[in-house]
Amino acid sequence: MSTNSNTPLNFLEEIIEADLASGKHKTILTRFPPEPNGYLHIGHATSICLNFGLGLKYGGATNLRFDDTNPVTEDTEYVESIIEDVRWLGFEPANILYASDYFEQLYEWAKVLIQKGKAYVDFSTAEEIAAMKGTPTMPGQNSPYRDTTPEENMALFEKMRAGEFPDGHCTLRAKIDMASSNMIMRDPLLYRIKHAHHHRTGDKWCIYPMYDWAHGQSDSIEKITHSICTLEFAPHRELYDWCIEQLGIFPSKQYEFARRNVSYAITSKRKLKLLVEEGHVRSWDDPRMPTISGFRRRGYTPASIREFCDRIGLGKREMVADMSLLEFCIREDLNKIALRRFAVLDPLKVVITNYPEGQTEALETENNPEDPNAGNRPLTFGRELWIEQDDFMENPPPKYFRLSPGGMVRLKSAYIIQCHDVVKDANGHITEIHCTYVPESRSGQDTSGLKPKGVIHWLAASNAQKAEVRLYDRLFQVEDPASEEDFLATLNPHNLQVIENALIEPALADAKLGERFQFTRLGYFCVDPDAQPGKPVFNRTVTLKDAWAKEQQK
RNA sequence: UGGGUCAUGGUGUAAUGGUAACACAGCAGAUUUUGGUUCUGUUUUUCAGGGUUCGAGUCCUUGUGACCCAACCA
């Protein structure tokens, strides 16, 4: 989160600064409250950056609190991955807490409500409750159990806890207003019976609080000052405030912002799960997945994701941020820090006919032109080289300034070469090209006076190594796959291209997990966890901007 | 025919009654031993009607449109 005072404040920052200025709060405390029932995705990342960012910006703090009130969907596996993802993004929670830590307190508070005549045990079925709920335009009807005495309710609620009723036999409901124009206020359910094993409390409980009874009170217990959630919870705010007021506890306040979506991505838990289960991707951390673990494996840096979250802004209207902004952020970050390396993904052999057979020569090139401190590395030049197929055309179109028959090109950090022969097989496919090099054009001591426009990367056949390279493209072909009737039909068939036998320079052969590189002229790449000693595997994080590809599309 | 939230370029976000701006994307050019980076220029904007005002994206009013709410999910 930027602390630049020149940047305009978003509406939450305005609220916080007003609260701080008025003395309503001396410091702020926010929270990120995931339910541990799935893996975190880019949408969660924006919420994490928002909550932790505000805590940091205003010298406050942020809790990570698991909203673990529904034991049938939750698991410690998710707890662990969520903690890992939050830390990977670069944030350290002030406290790692669980709504389940507050079950006893929430139970006591429910009894307070019962004593006040503000809650009752309802034996209606789910269907009956739904039928009595009314509709947005018609008031609901009171439950026949609504006027049970506090004494009776207290005994019944204790029986609920004691396990004397089966699942779904009854619920505890707040007694508010069945005619409220806000559907949420029509006697909301507070507790339901679930004889289920909870990942933290085990079999201690068979009644579990609903979101509305757990969330606000958990905020209050932790003395959260600004409880930030998405817009769909706006109608819940009335109930949030009602509960806190009935109990007379610390008045945490809820503020809503619009969920921040990203184009070409999907954030529905169900749909993400489908992609994994049906094998459209390999796993939850597949580099094509919009999960935080997917972005991590893809090679995105935490800084780039934080920068993206800062740049997309914040508001209260439905929005879809451009994936191209995320790509801009990762390129911007990696351009500064990634070491440059040569790799040839689609090799074409070049023979330098005027270079002595068996001879090699040591050259040098910069590790990162954006960072003088990154130093240099050695390259080996020789008679036989590899270049990209794309960097040679027998019949080049206008504006093509790479290699072609009779044409000249600079081999980066080496010599200028000129093509004089194209060798083809019986089918007419080019098998290799023959060139001459200009001995006096050696980089750094060029006296040739030649200025070819094209500069291409290359590898010496004598020491090029093999590697597997995985090229990823957008998972979906449409900007908003979630709105499609069949989102699977919009999967990009070319979202993954595996190159088994790419060639890399020796300096890349022992790259370690977590290292990121720019493959010169190709894009940014990182080491995949599938890599083994002697068998490197690289993922393409993002391509470089490609003005030539754009020119060709015209 | 209820309530809530919202409406500014292609996408986002500012402008808090006083010249509609910034970023990304796009386009054009300069530089470049990465068709990268960097730099310069540039196309495109206030949902509609009415009103208040010297002056309205902003205030009032009437519409229109979008999203959310009738889970023993969060």
Original post:
If you check every pair at least six apart or on different chains, which have Cβ atoms under 9 Å apart with a residue in segment A:65-87 that is under 8 Å from A:Glu35 (Cβ atoms) and touching a residue at least 24 places away in the same chain (Cβ under 8 Å) first and a residue that is of a type in the set (D, E, K, R) and more than 9 Å from RNA strand B (Cβ to nearest atom) second?
Top reply: A:Phe66/A:Arg200; A:Asp68/A:Arg200; A:Glu74/A:Arg200
Original post:
What do you reckon, is A:Ile244 at pLDDT 95 or above, surrounded by 19 or more Cβ atoms within 10 Å (Cβ to Cβ), in contact with a Ser or Thr (Cβ under 6 Å, 6 or more places away or on another chain) and in a loop (DSSP other than H, G, I, E, B)?
Top reply: no
Subject >> Scope segment A:470-512; condition within 30 Å of A:Trp458 (Cα to Cα), among the aliphatic types (A, V, I, L, M) and assigned to a loop (DSSP other than H, G, I, E, B); matching residues >> reply: A:Ala509, A:Ala511
Original post:
Any idea which residue in segment A:470-487 is nearest to A:Thr291 (Cα to Cα), counting only those that are in contact with a Pro (Cβ under 9 Å, 6 or more places away or on another chain) and in contact (Cβ under 8 Å) with a residue 24 or more places away in the chain?
Top reply: A:Leu475
Original post:
Hey, any hits in segment A:440-447 for a residue that's outside any loop (DSSP other than H, G, I, E, B), of a type in the set (Ser, Thr, Tyr) and under 22 Å from A:Ile352 (Cα atoms)?
Top reply: yes
Original post:
Within the bounds of segment A:393-401, is there any residue that is more than 15 Å from RNA strand B (Cβ to nearest atom), surrounded by 12 or more Cβ atoms within 10 Å (Cβ to Cβ), at pLDDT 95 or above and outside the structural domain of A:Pro536 (by TED's automatic domain parsing)?
Top reply: no
Original post:
Restricting the first residue to segment A:192-209 and requiring it to be within 9 Å of RNA strand B (Cβ to nearest atom), which pairs with a second residue that is acidic (Asp, Glu) meet a Cβ separation below 7 Å and a spacing of at least six or different chains?
Top reply: A:Ile193/A:Asp167; A:Lys194/A:Asp167
**OP:** Would you check if there is a residue in segment A:99-109 being in a loop (DSSP other than H, G, I, E, B), within 24 Å of A:Gly248 (Cα to Cα) and either in contact (Cβ under 8 Å) with a residue 40 or more places away in the chain or of a type in the set (Gly, Ala, Ser) (or both)?
**Re:** no
Original post:
Going through segment A:528-554 one residue at a time, which ones are among the acidic types (Asp, Glu), in a loop (DSSP other than H, G, I, E, B) and within 16 Å of RNA strand B (Cβ to nearest atom)?
Top reply: A:Asp546
**OP:** Filter the helices (runs of 4 or more DSSP H) completely within segment A:270-346 down to those with at least 1 residues that are loosely packed, with under 15 Cβ neighbours inside 10 Å and acidic (Asp, Glu).
**Re:** A:323-337
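The values are calculated or read from the model by the stated rules, or taken from the named source; none is laboratory data. Just so it is clear, the structure is predicted and the values come from calculations on it, not from any experiment. Backbone-built Cβ (ideal geometry, glycine too); neighbour counts: all protein chains shown.
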